[in-house]
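Enquirer: Have a look at the structure that comes next, please.
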Amino acid sequence: MPKKAALALSLLALTACFLSYKLGSSPVAYAKARSTPQEGAVARPALSAPPATWTLSAVGTPGTAGAIVTRPAAAGVQHVATCVTGSFEVSPSATSALGNTLGLYNGASISGGPIRQWFVYALPGTTVHIDLCGLSSVGTTDDGMTLAWSGGAINTDTTVSLEGYDAD
């Protein structure tokens, strides 16, 4: 195709796009007139105060798994985890890639049963970060919560952080 024909075709396509955009964005007329502020006023309920949040963090020593254990919840109260953060680092001196699981558990240890778990895999000399907020992971009533890596190995470092609130 000659260059002049290609140029003319390109300009024609651009013109068609511009015109379709301009024609498609015309103002819309509404059948009902706008209401006065008094007509449209609706009594809205007051917002409740946000729950008091708590945050716990821990750094594992090299070769051990980082872990956090919350205090047991008060009678009739449940811990709700809203943000989970963890990092798993494999040192450059490691001979192979390693995997690990970050878990959120019911109770004061991992034996309380998992609420949620995340598996990561890291190559030697790299760090994998987990940063999950906006969660609503609810623990068992009257019990604590544990956030822990499944294990620590030689040539690894871990960190954990847990944020949440208590719900009746």
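Enquirer: Using Cα centres only, tell me the gap between region 65-111 and region 114-163 in whole Å.
Expert: Region 65-111 and region 114-163 have Cα centres spaced 4 Å from each other.
Enquirer: Please turn the phi angles of region 146-160 into ³J(HN,Hα) values with the Karplus equation 6.51 cos²θ - 1.76 cosθ + 1.60 (θ = phi - 60°), one per residue in order, whole Hz, x for glycine and proline.
Expert: 10, 10, 8, 6, 5, x, x, 10, 4, 6, 10, 10, 9, 9, 9
Enquirer: Among 115-127, 99-111, what's the highest-first ranking by average C-beta atoms within 10 angstrom per residue? Walk me through the numbers before you get to the answer.
Expert: Values: 115-127: 14.2, 99-111: 18.4.
Taking the mean over residues of other Cβ atoms within 10 Å, the ranking is 99-111, 115-127.
Enquirer: How far, in nm, would the chain grow between residue 56 and residue 154 when pulled straight, counting 0.36 nm per residue and subtracting the alpha carbon separation? Provide the component values of the computation, followed by the final result.
Expert: On the way: separation 98, 0.36 × 98 = 35.28 nm, distance 2.51 nm.
Length gained between residue 56 and residue 154: 32.8 nm.
Enquirer: When only C-alpha pairs under 8 Å and at least 6 residues apart count, what is the relative contact order of region 53-167, in percent?
Expert: 48 percent
Enquirer: Would you mind computing, in nm to one decimal, how far apart the modelled labels at residue 117 and residue 71 are, each placed 7 Å from Cα along Cα→Cβ?
Expert: 3.0 nm
Enquirer: Binning at 5 angstrom from zero up to the longest distance, how are the C-alpha pair distances of region 53-167 distributed in percent?
Expert: P(r) over region 53-167, rounded to whole percents: 2, 13, 24, 23, 16, 10, 6, 3, 1, 0.
Read the figures in this text as sums done on the coordinates, not as results from a lab. Bear in mind that the values here come from a model prediction, so they are computed numbers and not experimental data. Cβ: placed from backbone, ideal geometry, glycine included. Neighbour counts: every protein chain shown.
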